[in-house]
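What follows is a short report on a single structure.
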Amino acid sequence: MTHKVLLLPGDGIGPEIAAQAARLLKACQEAGLDIEVEEGLVGGSAYDVHGEPLPTETLEKAKAASAILLGAVGGPKWDKLEDLSKRPEKGLLGLRKNLGLFGNLRPAMLYPQLASASSLKPELVAGLDIMIVRELTGGIYFGQPRGIEERNGERVGFNTYIYSESEIERIGRVAFEMAQKRSKKLCSVDKANVLEVTILWREVMERLAPEYPDVELSHMYVDNAAMQLVRAPKQFDVVVTGNMFGDILSDAAAMLTGSIGMLPSASLNESGQGMYEPCHGSAPDIAGQNIANPLAMMLSVAMMLRYSLNETAMAERIEAAVGSVLDDGLRTADIASEGTRRVSTAEMGDAVLAAFANY
Ligand SMILES: NC(=O)c1ccc[n+]([C@@H]2O[C@H](COP(=O)([O-])OP(=O)(O)OC[C@H]3O[C@@H](n4cnc5c(N)ncnc54)[C@H](O)[C@@H]3O)[C@@H](O)[C@H]2O)c1
Ligand SMILES: CC(C)[C@H](C(=O)O)[C@@H](O)C(=O)O
Ligand SMILES: [Mg+2]
């Protein structure tokens, strides 16, 4: 069966890194992968053309696709839009919500070649391999009521942090199953010392635990988790948490691997349809300079092959190609260190493609 893949480059460095992913998809096709690739607009670039960050056309294409590959959205050009619903980020959030992509997998894995690019001492990060499972369609990101309004002569801003038992349970199951496939350790991160919503979160995780007797479940408050991530990150294997805590902790974990430019992600729904994107944003500070690291985006292609297209061997081929390029000492600016060769976005793409062809 021919799989439809929708490529959404987005804004800022999005199109630069998406171009490398598009070349990689072509190489996969040449290597026998049966896919059809379409492109679409999302984020600020969609707003500029259609007045909407998630045009109906894009949403329809996304619904019809087996998998979506997204670059990044957002940028200063659209930060001043008063109507929040028109902001580029709403395009991304709309895709996640409309497609029911509640299960966000954010692996923070250190390529051994990058130990010296990490902001932590090499011995603290050597062999690091964490999987953050972030709930992606609920919590404070989507809770109602929300808004900014006038109360007692001044403006107040408010959001609602809410999770139902069923929402907690389904992300819990994703995490327990992930732990079963890995080292059978699961740490649930919450703020159950203060917030009722996470008291319920903890209760539901505890209730699920007996169904996964081979998994050792632990709990940690989010402030401690942030500290432990930079103190002794290797104590973690699978971490499960809500939408906002997962957003923050995954950026922190990213830096342990050398650069946020290395971290791919998968966002999955109940039927295995997925959206794949780097964890980083549109990096307006370096956009248009051909210096962004395209590896998170290219590794997102590997995650897509593994989780939505069931093409594990080809996914491993991409990951091995990235490893061999790093072995050869090629580095974009964000991961550069002494004795390595600095390359541009496109040159990094060239190198990964050449290595992919050799495997
Ligand atoms: N998934 C997404 O589309 C997504 C994620 C995060 C932020 N954003 C949006 O991106 C915009 C910028 O946000 P930000 O600055 O907080 O975060 P960011 O991730 O875009 O950038 C943070 C820092 O990391 C660097 N960086 C990020 N990706 C890189 C890469 N591939 N190679 C090299 N360096 C890289 C940037 O240059 C910057 O210094 C905002 O509009 C934000 O809303 C989008
Ligand atoms: C751009 C923004 C809406 C998004 C989020 O907060 O989820 C981003 O930071 C991410 O990590 O994917
Ligand atoms: Mg984020």
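The values are calculated or read from the model by the stated rules, or taken from the named source; none is laboratory data. Not measured: the values here are computed from a predicted model. Methodologically, a virtual Cβ is constructed for each residue, glycine included, from the backbone with ideal geometry; neighbour enumeration extends over all protein chains shown. When the accessible area is computed, the model is the full protein with side chains, heavy atoms only, and any ligands, DNA or RNA have been set aside. Shrake-Rupley method; radii C 1.70, N 1.55, O 1.52, S 1.80 Å.
For segment 282-293, the Karplus equation 6.51 cos²θ - 1.76 cosθ + 1.60, evaluated at θ = phi - 60°, returns couplings of 7, 6, x, 5, 10, 5, x, 9, 6, 10, 5, 7 Hz by residue, with Gly and Pro reported as x. The residues of the chain present an accessible area of 42 Å² per residue when probed at 1.4 Å with all protein chains retained. The distance linking segment 139-176 with segment 178-197 is 19 Å (Cα centroid to Cα centroid, whole angstrom).
With θ taken as phi - 60° and the Karplus curve 6.51 cos²θ - 1.76 cosθ + 1.60 applied, the whole-hertz 3J(HN,Hα) list for segment 139-146 is x, 5, 5, 10, x, 10, x, 8 Hz, x standing for glycine and proline. Alpha-carbon geometry of segment 119-257: the Rg and the Dmax are 16.5, 56 Å, given in that order.
The label point for residue 177 and the one for residue 119, both projected 7 Å from the Cα toward the Cβ, are 3.4 nm apart.
What separates the Cα centres of segment 1-41 and segment 230-273 is a distance of 24 Å. Ordering 141, 111 by accessible surface, largest first, gives 141, 111; the 1.4 Å probe counts only protein heavy atoms, with every chain in place. For residue 194, the accessible area of its heavy atoms, probed at 1.4 Å with every protein chain present, is near 90 square angstrom. Note on surface exposure: 116, 188 rank 116, 188 by accessible area, highest first, 1.4 Å probe. Cross-linked pairs 121/185; 121/184; 90/191; 121/234; 184/234; 4/63: Cα-Cα separations exceed 18 Å for 121/185; 121/184; 90/191.
Placing R0 at 51 angstrom, the Cβ-Cβ distance between residue 57 and residue 216 gives a FRET efficiency of 0.60 after rounding to 0.05. The sum of -39500 (n - 2.57) across all DSSP H runs of n ≥ 4, divided by the residue count of the chain, sets its helix-only mean residue ellipticity at 222 nm to -12500 deg cm²/dmol. One decimal place: the segment residue 64-residue 336 gains 93.9 nm when fully extended, by the rule 0.36 nm per residue minus the C-alpha distance.
For the pair residue 269 and residue 166 in one chain, pulling the backbone fully straight at 0.36 nm per residue adds 35.6 nm over the alpha carbon distance.
Listed by chain and number, the aspartates and glutamates whose C-alpha is less than 18 Å from the C-alpha of residue 181, apart from same-chain residues fewer than 8 away, are 129, 211, 214, 216, 237, 311, 316. For residue 126 and residue 31, the FRET efficiency from 1/(1 + (r/R0)^6), where r spans their Cβ atoms and R0 equals 41 Å, is about 0.80. With all protein chains in place and a 1.4 Å probe, the accessible surface of the chain carries 51 percent carbon and sulfur. Among beta bridges from DSSP that stay inside the chain, the antiparallel ones total about 40%.
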